[in-house]
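Visitor: Got a structure for you, questions after.
The values are calculated or read from the model by the stated rules, or taken from the named source; none is laboratory data. As the structure is a computational prediction, the values presented were derived from the model and not from experiment. Cβ coordinates were reconstructed from backbone atoms using ideal geometry, including for glycine residues, and neighbour counts include every protein chain displayed. With ligands, DNA and RNA removed, areas are computed over all heavy atoms of the protein, side chains included. Shrake-Rupley method; radii C 1.70, N 1.55, O 1.52, S 1.80 Å.
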Amino acid sequence: MKKKKLTFNALALGNIKHRKKRYVLMVLGIVLSMVFSSSIIYFVFSAYTTSQAQNKADRGLYDMMCADYDEAVFDDSKKSDMFETIGTGSVVGFAFTDPENKLDGTSVVRLDKVSKELVNPLFISGAYPQKKGEIAIEQTTLLQLGIAAKPGDKITLDFQVQNDDELMPEVKTKTYVLSGILRDKRANIATSFDDKQNIPSAFVSEYEYVDLGGKENKICYTELTDKGYNDIWGMFSDIPTLSSYCVFTFNEEFALNVDESMSLVYILIIVAVLLIASSMGIINAFTTNLKERKKQIGLYRAVGATKKQIFTLFMREAVLLGVVCTPVSLLVSYFGVKVIVNNIFDEAFFEANIWVLLLCGAFSILCVVLASFIPLLAASRVTPMQAIRNIETARKL
């Protein structure tokens, strides 16, 4: 019969199996510690993903928009890998309702498939135009135009037909069917009157073209590469007039509003305090457990076990307990954080991916190992005579 090799893992598993009842409190403390430690990562990840989603909803997926797109000008930049994605649109005209205040008006654009994805149109109500004669307009622009309408209603706009980079002088009256009311993007991006004029906030279907006598003006939406962020300024210095037509979205990697940021800070502080408290519970549980096992430690030392081996043996127990408790703690913290995020934060969401789960598991086990480090270090320093002698018996004698 083949003999099983005696290893640290085998000894650690044997100790856990023979002391199941004594490990109940320790396991509870470990689970709580893991729940609070993984919750910290879950909350931070939720805040990050929510911030990214809000940026995409408020500004779109593009980094730069150029209102007067000349493909020849951009050719060299394409070859130098400045742009990751380029989508184009066609400006068919300019719509307004107040001739005295045209800044409240907007360019009307037909988007291609790529530019539509980069603009990322989100609807408060209705849908994107599918037929000729339909138009979708951002909510703030509708208010500025003085139009109170809902999807399906007909709206009348004063309209100047596009003629390359200028507008035809003649003002026409056009009637469209409002297909949808869009969530604002221009109001979140525009920082000047020029930006407001360049950024379109009204969109028509793919079947809408410029009127006879006019000429569509191309507009482009681009995602810049890391190299492009640095090189684009050189492009502007070579063609100074180009910069006046370009607008950057300045998407931030992490940005929550003030209320959301403060709520997140308070929650993280509470969770961190609970993590420290549960870690103290692990320290006390390990300390009590190791005091009860002084004789066992003394026997190990008496047969030649070194301090390092004693430390390694009991550390393996802590790691094994952590691994066993990880799935339960990750599930508890996942659903707990999801409920809190969905009920406290506006427009927040939480969907953890596999990498976040693995990070939470690793961080949780690390917290358990760190919490057990102090009592294990003390246990490894116990001498054989200190561990083996029975103090109670000596007192009775």
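Visitor: Using r as the Cβ-Cβ distance of K308 and M262, and R0 as 35 Å, what FRET efficiency do you calculate, to the nearest 0.05?
Guide: It comes to 0.15.
Visitor: What FRET efficiency do you get for D75 and T173 if R0 is 30 Å and r is their Cβ-Cβ distance, rounded to the nearest 0.05?
Guide: 0.15
Visitor: Still on this structure, please answer the following. Top to bottom by accessible area (1.4 Å), largest first, where do V109, V303 land?
Guide: Putting V109, V303 in descending order of accessible area: V303, V109.
Visitor: Using a 1.4 Å probe and ignoring any ligands, DNA or RNA, find the accessible area of I124 and quote it in Å² to the nearest 10.
Guide: The accessible area of I124 comes to roughly 90 Å².
Visitor: Any chance you could get the radius of gyration and Dmax over the Cα atoms of the stretch 270-363, in Å?
Guide: 18.8, 63
Visitor: Nearest 0.05, what FRET efficiency do F236 and D164 give at R0 = 25 Å with Cβ-Cβ as r?
Guide: With a Förster radius of 25 Å, E is 0.70.
Visitor: Pairs K113/K196; K113/K218; K174/K196; K113/K174: which exceed 18 Å Cα-Cα?
Guide: K113/K196; K174/K196; K113/K174, as the Cα separations exceed 18 Å there.
Visitor: So, one more: Hand me the GluC sites (Glu not before Pro) from the stretch 21-123 located in a DSSP loop with no more than 16 other Cβ atoms within 10 Å, in residue order please.
Guide: Working: sites: E71, E84, E100, E117; in loops: E100.
Passing both the DSSP loop test and the Cβ count: E100.
Visitor: Here's something else I'd like to know. What is the local net charge at Y209, summed over the other residues whose Cβ is closer than 12 Å to its Cβ (Lys, Arg +1; Asp, Glu -1)?
Guide: Once all neighbours under 12 Å are counted, the net charge is -1.
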